[in-house]
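Everything on this sheet refers to the single structure shown next.
The values are calculated or read from the model by the stated rules, or taken from the named source; none is laboratory data. All figures in this text were calculated on a predicted structure; none of them were measured in a lab. Glycine gets a Cβ as well: all are built from the backbone with ideal geometry, and neighbour counts include every protein chain shown. Each accessible area value is taken on the protein alone, full model and side chains, heavy atoms only, with ligands, DNA and RNA left out. Shrake-Rupley method; radii C 1.70, N 1.55, O 1.52, S 1.80 Å.
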Amino acid sequence: MLPMAQNDGELDSLVRKRIRALRVAQGWSLEELAGRANVSQSTLSRIENGQRRLALDQLVVLARALDTSLDQLVETASDDVITSPMIDAAHNLMRWPIKGSPGMSVVRQRMTEPPPDNPTRMRAHPGREWLVVLSGTAILMLGHARFRVEANQAAEFPTMLPHAIGAEGGPCEILGIFDRDARRGHERDRTDKVADGER
């Protein structure tokens, strides 16, 4: 039997629903998934309907057939779904941690100034950044290139390239997702700016 980390009945039911939902999402019939997992169609039907116990060896095979991992198939639902932002008023931004990936964070920032004209003020540091413009128009300076990013457009880039972001034609709001290295690099940038007397 599969060891259960929370209420046995709840996790058992969750795993069965997850197997069926993943199968349906792939557009597969019971027969198709049964063939891919090398189990009988009746066995798979009984697993989904709760008429057969969940055996660990079968779950490993089903996870592989569904292109997922056993850990993802049996992970428990989290009660902590809603996250409140940490507000950094000095830099006019909000930050949310990503619980599933502690090294990642999401930042929402309002920008009013254009990007710097001086290339020496562009920053480079390890990591990757992904951003989407929520409103207004942002200018992304990346290496020797200049990109105009409109509302609802996104950009993704390695932060080892010298880069800077600013607004064009009025304020803009951006939502950025940083990996651990990019987040640390931006935190160091802000610390340096405060030390230099900039905001």
Query raised in the report: Is it the case that the range 62-73 has a residue that's among the small types (Gly, Ala, Ser) and farther than 30 Å from Glu32 by Cβ?
Result: no
Requested in this report: Using the structure shown, decide if Val39 is part of a helix (DSSP H, G or I), more than 30 Å from Ser135 (Cα to Cα), of a type in the set (Val, Ile, Thr) and modelled with pLDDT of 90 or more.
Outcome: no
Query raised in the report: Quick check: is even one residue across the range 82-92 within 18 Å of Phe157 (Cα to Cα) and surrounded by fewer than 16 Cβ atoms within 10 Å (Cβ to Cβ)?
Result: no
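For the range 22-66, name all the residues that are at positive phi and free of Cβ contacts under 8 Å to residues at least 12 places away in the same chain.
So the first thing to find is which residues in the range 22-66 are at positive phi, and the list is 27, 38, 50.
Gly27 - this is the single residue of the range 22-66 that is at positive phi and free of Cβ contacts under 8 Å to residues at least 12 places away in the same chain.
In the range 109-116, is there at least one residue being β-branched (Val, Ile, Thr), open to solvent by 40 Å² or more (accessible area, probe 1.4 Å) and part of a loop (DSSP other than H, G, I, E, B)?
Yes, the range 109-116 contains at least one residue that is β-branched (Val, Ile, Thr), open to solvent by 40 Å² or more (accessible area, probe 1.4 Å) and part of a loop (DSSP other than H, G, I, E, B).
Just a yes or no: is a residue in the range 137-154 free of Cβ contacts under 8 Å to residues at least 40 places away in the same chain, touching a helix residue (DSSP H, G or I) at 6+ places or on another chain (Cβ under 7 Å) and either over 18 Å from Val106 (Cα atoms) or outside any strand (DSSP E or B) (or both)?
Checked the range 137-154: no residue is free of Cβ contacts under 8 Å to residues at least 40 places away in the same chain, touching a helix residue (DSSP H, G or I) at 6+ places or on another chain (Cβ under 7 Å) and either over 18 Å from Val106 (Cα atoms) or outside any strand (DSSP E or B) (or both).
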